[in-house]
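One structure below.
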Amino acid sequence: MDNLKTQGISMPKLGLGTFRMQGDACRAAVESALALGYRHVDTAEMYANEEAIGAAIADARVPRGELHVTTKVWHENLGPDAIRRAFDASLKKLRLDHVDLYLVHWPSKAANWGAVFETLMKLKEEGRTQAIGVANFTTALLKTAVEEIKAPIACNQVEYHAMLDQSKVLAYLAAKSIPLVAYCPLAQGRFASDPVLGEIGAKHDATAAQVALKWLIDQDGVAAIPKASRRESQKANLDALKIRLDDADRSKIAALPKDRRCVDPGFAPAWD
């Protein structure tokens, strides 16, 4: 599987998203994914599943150096002391001595970004996280972090898929050599019935969802973390990597509507 190199880490371009997975079902899903060959697992303190993921990682016995684990600090914990408490709790639940990537999960209007990134950079210097980054940041917020604070941002994790235009954020990230990690890459199942993606899929003996996922993974500087709790879905996402889309396929995907957002940042708690 291809990896993205960013800020000293190597991140597999296809990962396992775990939002809304909890308990034994989450543990089983992560164990299944690791057994299939996934080496990138994405979680967050807000998901309330870090303990289950930690148990799955411990049982899987995958060499730590082969595994990429991302977790995130919630917007309510963006004070320096709160970040450290949240980080310590996440690390304990994950049963790890470090994570590979620690993200600000949502922006907050109340955050002192200088203090936030100073704290995150200290965690990196201490070797407790290999890299730091952000999620759901606009280009304006990215400029604050990257250009004003000079924070070593390893990625911006945002909603991105074949029916959502993220060209503005992508252009900024590409100019700064920062990857985009796409959540909701399959638009929460909405692609399954799309006739255009279905037609392209039939041409490649693949599903519409597999086509949409490969379209993302094919892009330079883009990784994707589809949620998949069933082994069959996890394998289908891995198999999507084998598809070879051509220019005609990409032109048809480019012509799809690009305004289908699954997560409305206007209603995110951080913007209250």
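Side notes on the structure shown:
- When residue 177 is tested against (1) among the hydroxyl-bearing types (Ser, Thr, Tyr); (2) open to solvent by 70 Å² or more (accessible area, probe 1.4 Å); (3) at negative phi, exactly one condition is not met: (3).
- Of 57, 83, all but one fail to be open to solvent by less than 40 Å² (accessible area, probe 1.4 Å) and closer than 11 Å to residue 119 by Cβ; the exception is 83.
- Within segment 204-243, restricting attention to residues that are among the charged types (D, E, K, R) and closer than 19 Å to residue 10 by Cα, the residue that is most open to solvent (accessible area, probe 1.4 Å) is 220.
- Conditions (1) buried (at least 20 other Cβ atoms within 10 Å of the Cβ); (2) touching a strand residue (DSSP E or B) at 6+ places or on another chain (Cβ under 9 Å); number of the one not met by residue 98: (1)
- If you go through segment 1-33 and keep only what is over 15 Å from residue 222 (Cα atoms) and surrounded by fewer than 18 Cβ atoms within 10 Å (Cβ to Cβ), you end up with 8, 19, 20, 22, 23, 24, 25, 28.
- Listed by first and then second residue, the pairs linking a residue in segment 150-178 that is acidic (Asp, Glu) to a residue that is not in a strand (DSSP E or B), with Cβ atoms under 7 Å apart and 6 or more places separating them unless they lie on different chains, are 159/184; 159/261; 159/262; 159/263; 165/258.
Let's see how each residue does on (1) at pLDDT below 95; (2) under 22 Å from residue 237 (Cβ atoms); (3) in contact with an Asp or Glu (Cβ under 8 Å, 6 or more places away or on another chain); (4) charged (D, E, K, R):
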position	(1), (2), (3), (4)
130	no, no, yes, no
144	no, no, no, no
177	no, no, no, no
192	yes, yes, no, no
197	no, yes, no, no
202	no, yes, no, no
216	no, yes, no, no
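The values are calculated or read from the model by the stated rules, or taken from the named source; none is laboratory data. On a predicted model such as this, the values are computed, not experimentally measured, just so you know. Glycine gets a Cβ as well: all are built from the backbone with ideal geometry, and neighbour counts include every protein chain shown. Heads up: the accessible areas ignore ligands, DNA and RNA and are worked out on the full protein's heavy atoms, side chains in. Shrake-Rupley method; radii C 1.70, N 1.55, O 1.52, S 1.80 Å.
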